[in-house]
Amino acid sequence: MADAREVLEIMKEVAKTRIAMLRDGTTFHQGDKRAYFLQQYEEKLAQIEHLIRRISIRIVGPDETNRPRPTK
């Protein structure tokens, strides 16, 4: 899982860099194409961040000592 998270973190940084470049105009694309690619990169960045959050979630079992005892 650590390798997958590392790859996603790298992809996240690449997407952020590309978004910054598109916003600054550092691209060969003009007008509509630039706006299209910017939108696509922003959507992919959101997907990557969602996947990173999903990987980060850890399921923890109930702690037997802190479990409330049933009352009769």
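The values are calculated or read from the model by the stated rules, or taken from the named source; none is laboratory data. Everything numeric in this text was worked out from a predicted model, so none of it was measured. We place every Cβ from the backbone using ideal geometry, glycine too, and count neighbours over all the protein chains shown. Side chains included, ligands, DNA and RNA excluded: accessible areas come from the protein's heavy atoms. Shrake-Rupley method; radii C 1.70, N 1.55, O 1.52, S 1.80 Å.
Are there any pairs with C-beta distances below 7 angstrom linking a residue in the stretch 15-33 that is more than 15 Å from ILE48 (Cβ to Cβ) to a residue that is open to solvent by less than 50 Å² (accessible area, probe 1.4 Å) and modelled with pLDDT under 90, with the two at least 6 apart or on different chains, and if so which? Note: pairs meeting the criteria are MET21/THR27. If you go through the stretch 2-52 and keep only what is part of a loop (DSSP other than H, G, I, E, B) and either exposed (fewer than 11 other Cβ atoms within 10 Å of the Cβ) or small (Gly, Ala, Ser) (or both), you end up with GLY25, THR26, PHE28, GLN30.
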